[in-house]
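So the structure is just underneath, and the comments pick up after that.
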Amino acid sequence: MNAPQHLDPIFTKTCRLDGSDPEKKREEILHYFHQTFSLYERLFDCLVSDDAFYRRAIPLRHPLIFYYGHTAVFFINKLHVAKLIPERLDPRIESMLAIGVDEMSWDDLDQTHYQWPTPAEVKDYRNKTRAIVEELISTTELTLPIGWDDPLWIVMMGIEHERIHLETSSVLIRQLPLHLVKPNPLFPEYHNAGSAPSNSLLPVPGRRIEQGKSRQDPFYRWDNEYGYLETAVADFNASKYLVSNGEFLEFVQAGGYAKQAYWDEEGWAWLQHSRAQHPSFWIVDGENYRYRCMSTERAMPWNWPVDVNALEAAAFCRWLSERTGKAIRLPTETEWLCLRQEIPCDQPDWEKAPGNINLEFAASACPVDHFGTRCANGEEFFDIIGNVWQWTQTPIDGLPGFEVHKVYDDFSTPTFDGQHNLIKGGSYFSTGNCALRDSRYAFRRHFFQHAGFRYVEGEEPVIPSGNPYETDEQVSQYIEFHFGEEYHGVANFAANCGKLCLDYFAAKTNKQQSHRALDLGCAIGRSSFELAQEFDHVDGIDFSARFISVATQLKENGSKRYMIRDEGDLFSFREASLAEHGLADTAHKCHFWQGDACNLNEKFTDYDLVFAGNLIDRLYEPAKFLQRIHELINEDGLLILTSPYTWLSDFTERGNWIGGFKRDGENFTTLDGLQEVLSPHFNLVDEPRDVPFVIRETARKFQHSISQMTVWQRRMN
């Protein structure tokens with residue numbers, strides 16, 4: 001199906017997941033999928049040539065070829081993880097286009113590591129993905145309402161994920177050099193502009209704000225939207241309009257980009273690095289400015305909203321506070337919600353958007369005095385929703401009751417770091433979930449979106465900088481497992497394995513130097529830190545972004561606070577410290593990555609030692625992993641495996657087990673399977689040894705298990 005040539009609200013609205021007619025709902029979701037998939041592809045028609053796909057719009061993001069394929073790879077990866085499709089499509093494309101969307105510490109933006117596919121190859125991959133998803137929607141069992149454990153929830157996850165990238169990719173196109181892009185009639189830009197209106201502060205009555213959705217909500221929601229939080233918001237004043245280009249010009253002309261007093265420490269550091277002197281989408285034209293839309297450049301529309309990052313918005317507020325003597329600042333999330341409640345309808349229910357949102361009005365900003373809302377107190381505010389996202393001063397965190405979806409555990413949790421602020425209200429390019437009232441998206445404060453701000457005056461709220469204690473129970477258990485006490489006389493497993501790896505390497509190889517090591521399934525990284533005491537370079541890889549986030553924090557900060565359950569709702573508060581274990585001085589040699597051990601990027605190679613701790617019986621294709629592992633290891637290098645051989649169909653389909661079953665009527669153990677798969681390239685160089693471990697669940701409940709360690713040496717040619 002092809003995208004339509006006009007912007008129809010039905011085309012962009014997200015669909016409900018309840019109803020009484022399953023087959024009608026199936027057709028609705030199928031239509032929503034095709035429209036989303038086609039609309040996303042049509043966005044890339046704005047590029048003038050294949051060369052434009054490979055130009056990095058900004059150094060902090062991959063080139064657009066990554067994003068062109070990423071959303072299709074996401075569909076395939078998530079459907080495979082959810083066991084809705086038996087296999088992936090193309091390991092090379094999937095390993096290259098799966099990870100690296102946001103600027104996380106473990107993202108790999110080194111272009112020398114990539115041999116990007118061609119646009120034609122990606123289009124072919126997208127066509128195959130479209131057919132797979134269409135078949136799944138058309139044939140899978142469907143009951144209403146669709147909940148987050150249902151197969152079509154994963155399909156909706158892929159659709160809404162692509163809707164997010166429709167918007168973020170439009171930002172990247174907007175950041176490309178103008179000669180690489182061209183207008184697209186499907187995305188018309190607004191033309192009228194004029195002088196900026198005079199802004200003013202208007203009263204907003206405080207109220208109690210309830211946040212959070214239940215699982216019974218009829219729409220697809222991201223994990224951070226669930227839970228419940230009630231907040232009392234005091235009276236405050238808010239600007240009538242979003243800050244326009246004309247209003248922001250006063251800050252620029254007052255030397256706002258040169259005066260450190262207007263910037264906090266983070267903002268001033270960004271300013272020194274970026275050398276910015278005006279908003280990113282302003283272009284200097286002699287003594288004047290021009291304005292960059294997505295695919296055109298035009299005379300400055302002074303009455304359109306200014307596009308800035310959160311650091312610039314906060315600096316403007318400090319300047320305005322100094323100039324007016326008022327306590328001017330960015331709003332909190334709940335203050336924005338006070339205004340949002342003045343619009344009773346939400347995206348799926350309105351006939352016509354009450355703002356420049358959902359691609360219903362234009363594919364660019366428009367004047368800040370175009371869309372007004374008369375509030376209950378008689379005041380009129382403009383652009384409560386739409387035009388541009390509105391920065392808040394609230395760092396994103398989970399609501400009480402937050403939990404991750406098992407198929408997508410890294411949608412929100414990597415942003416719960418105090419460095420990502422919430423943006424609210426949506427922009428002209430916000431569709432699907434992005435345009436819903438209760439959506440919660442956040443970006444790093446130095447990032448650019450189609451985002452601006454309105455300012456408020458009021459008592460300074462207490463804004464937490466992020467929960468100092470790790471509260472994800474599974475993550476906390478692993479922190480305790482790696483850095484906590486020794487229980488029942490059993491040595492710390494991760495530390496013990498790291499030391500044993502070093503001992504074996506010294507005893508079994510002829511290598512005079514310990515150059516590179518790989519820790520696969522590294523979890524939060526204790527074994528990686530142990531290996532770094534001897535190796536010059538250690539890569540730690542884990543499938544879980546939550547684990548990699550903690551490992552990275554430990555490397556960068558040297559410590560991590562966490563809480564572990566004692567009994568019921570009682571917890572102990574603890575802190576993991578690298579220095580306490582003598583690991584701080586060499587931690588810089590560790591590099592942590594999110595990745596799939598069965599489909600590693602080709603840059604992971606040339607290792608003298610590979611350690612895979614308790615990994616093989618948790619892989620979906622362990623034989624595939626073992627058959628390729630020799631390609632990563634240098635001659636005479638070591639492969640060290642540990643596993644309790646706990647084969648479970650939840651992780652590995654029965655037909656993919658490499659042992660633990662009868663073959664030809666005889667017992668076939670995992671060790672038998674390891675010898676069979678590894679023997680073409682490795683020698684078993686020592687007798688297997690038992691390595692026990694204990695995982696603390698509560699103060700009185702522990703898992704006591706025994707792994708078997710085997711040591712394999714890559715054969716010399």
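A few remarks follow.
- Degrees, to the nearest 10: 473-483 long Cα axis against longest axis of the chain: 50 degrees
- DSSP-loop trypsin sites (Lys or Arg not before Pro) across the stretch 655-711, with at most 16 other Cβ within 10 angstrom: 700
- Cα centroids of the stretch 479-494 and the stretch 577-644: 21 Å apart.
- Pairs beyond 27 Å (Cα-Cα), from 560/624; 511/589; 78/603: 560/624
- Rg followed by Dmax, in Å, when the stretch 473-714 is reduced to its Cα trace: 17.6, 55
- Charge sum, other residues only, whose C-beta stays under 14 Å from residue 223's C-beta, Lys/Arg counted +1 and Asp/Glu -1: -3
- Cβ-based net charge around residue 520, under 13 Å, with every Lys or Arg adding one and every Asp or Glu removing one: -2
- Relative to the longest principal axis of the Cα atoms of the chain, helix 265-274 runs at roughly 90 degrees.
- 143, 431, 552, 605 arranged by Cβ crowding within 10 Å, fewest neighbours leading: 143, 605, 552, 431
- With neighbour counts taken as other beta-carbon atoms within 10 Å, the residues 427, 321, 200, 244 rank, fewest first, as 200, 321, 244, 427.
- Charge dipole of the chain about the Cα centre (unit charges at C-beta), most positive-ward option of 236, 262, 47: 47
- Given the choices (i) 0.98; (ii) 1.35; (iii) 1.08, Rg/Rh (Cα atoms, Kirkwood Rh) derived from the coordinates of this structure is entry (i).
- Anisotropy class assigned to the stretch 578-717 is oblate, per the alpha carbon gyration tensor with a/c at or over the 1.5 cut-off and a/b no larger than b/c.
- Spatially, the stretch 247-307 and the stretch 78-101 are offset by 40 Å when compared through their Cα centroids.
- The chymotrypsin sites (Phe, Trp or Tyr not before Pro) of the stretch 193-275 that meet both conditions, a loop assignment by DSSP and at most 16 other Cβ atoms within 10 Å of the site Cβ, are 228.
- Cα shape, the stretch 9-180, gyration tensor, a/c 1.5 rule: prolate
- For the stretch 628-638, putting each phi into the Karplus relation 6.51 cos²θ - 1.76 cosθ + 1.60 with θ = phi - 60° gives couplings of 9, 5, 5, 5, 8, 10, 5, 4, 6, x, 10 Hz, in residue order, rounded to whole numbers and with x for Gly and Pro.
- The stretch 542-576 versus the stretch 431-457: alpha-carbon centroid distance in Å: 29 Å
- Summing Lys and Arg as +1 and Asp and Glu as -1 over all other residues whose Cβ lies under 15 Å from the Cβ of residue 55 gives a net charge of +2.
- Ascending count of other beta-carbon atoms within 10 Å, so fewest first, for 93, 423: 93, 423
- Rounded tilt (10° steps) of 545-557 against the dominant C-alpha axis of the chain: 90 degrees
- Inter-label distance for residue 28 and residue 651, nm, one decimal - labels placed 7 Å from Cα along Cα-to-Cβ: 4.0 nm
- Over the residues of the chain, the helix contribution to mean residue ellipticity at 222 nm works out to -9000 deg cm²/dmol, using -39500 (n - 2.57) for each DSSP H run of at least 4.
- Dividing the mean sequence gap of close Cα pairs (under 8 Å, 6+ apart) by how many residues the chain holds gives a relative contact order of 11 percent.
Any read-out appearing in this document is the output of simple, stated calculations on the displayed coordinates, not a laboratory observation. For clarity, every value in this text was computed on a predicted model and none was experimentally measured. Please note: Cβ atoms are built from the backbone with ideal geometry, for glycine as well, and neighbour counts cover all protein chains shown.
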